[in-house]
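A.B. asks: The structure's right below; bear with me while I get my questions together.
The values are calculated or read from the model by the stated rules, or taken from the named source; none is laboratory data. Predicted model, so just to flag it, every value in this text is computed and none were measured. Note that each Cβ is placed from the backbone with ideal geometry, even for glycine, and that neighbours are counted across all protein chains shown.
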Amino acid sequence: MKKLLALILLAGAASAMAQVSSQLHPPRIHVPGGSGQTDSNTSTPKPPPIHVPGSHAVPQGVFETNTVFVKGQRNCSADKRYCLVFQEDGNLVVYKFASATSYKAVWNAGTNGLAIKSCVFQEDGNLVMYDFAGKAKWAANGGTTDKSGSAFKGDKFYATGKGSHWLAMQNDGNLVIYVGAYPATNQPRWSTGSFEKN
């Protein structure tokens, strides 16, 4: 009797699960303008690809305006021999890598020890590091401050708008801000001067 009751309960549970399962699979959805192709794992049609006007990909080592650098992340040149690193200690450093464990600094901003929160390649074409209060502590056009905050010229560069500048971590080890849309290189505005003959 117990076995018969267990079989009846099991059959009822299986029937209930089948009903719930059929309700979990969504019906086919028609996407206006869609190709009607479906994903091989589901019966839902794939949406058409999205094109964003004016969007383009830039190669490794090239940074557009409004780039915010992440502490500890390597931002390497196209050939991966040089990397720009915004360090945990607040310094901005260009390293030359001979291997994953062999490297040397070829330039730095001299901001280690300052309480730097962020490093931004701004829309105005300036590369700026800010403290936790939002005050600029180093900028490509203004150099650095001492720990008291004196002798700094400010964080403004050239107010020319989005897409008018780009930053390059070059294969020669130089970090350069260029005027104009990528890939124009005829107007360098600022550089670290860390060019090395390789």
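A.B. asks: Residues that are part of a loop (DSSP other than H, G, I, E, B), modelled with pLDDT under 85, of a type in the set (S, T, N, Q) and within 20 Å of residue 77 (Cβ to Cβ): does segment 146-153 have at least one?
C.D. replies: Initial filter on segment 146-153 (part of a loop (DSSP other than H, G, I, E, B)): 146-153.
Right, trim to modelled with pLDDT under 85 and you get 146-153.
Now drop any that are not of a type in the set (S, T, N, Q), which leaves 148, 150.
From what's left, within 20 Å of residue 77 (Cβ to Cβ): none.
For segment 146-153, residues part of a loop (DSSP other than H, G, I, E, B), modelled with pLDDT under 85, of a type in the set (S, T, N, Q) and within 20 Å of residue 77 (Cβ to Cβ): absent.
A.B. asks: Separate question: Counting only residues that are surrounded by 14 or more Cβ atoms within 10 Å (Cβ to Cβ) and within 17 Å of the chain's Cα centre (by Cα), give me the strands (runs of 3 or more DSSP E) lying completely in segment 70-136 with at least 1 of them.
C.D. replies: Answer list for segment 70-136: 74-76, 82-86, 92-97, 116-121, 127-131.
A.B. asks: For the subset of segment 164-198 comprising residues that are of a type in the set (Val, Ile, Thr) and surrounded by fewer than 19 Cβ atoms within 10 Å (Cβ to Cβ), which member is farthest from residue 77 (Cα to Cα)?
C.D. replies: Out of the qualifying residues, it is 179.
A.B. asks: Are there any pairs, at least 6 apart or on different chains, whose C-beta atoms fall under 7 Å, with the first in segment 123-134 and over 23 Å from residue 93 (Cβ atoms) and the second crowded, with 18+ Cβ neighbours inside 10 Å, and if so, which?
C.D. replies: Close Cβ pairs (under 7 Å, with a partner that is crowded, with 18+ Cβ neighbours inside 10 Å) amount to 123/65; 124/157.
A.B. asks: Of all residues being among the small types (Gly, Ala, Ser) and at pLDDT 85 or above in segment 160-179, which is farthest from residue 125 (Cα to Cα)? Just the residue, please.
C.D. replies: The extreme case among them is 173.
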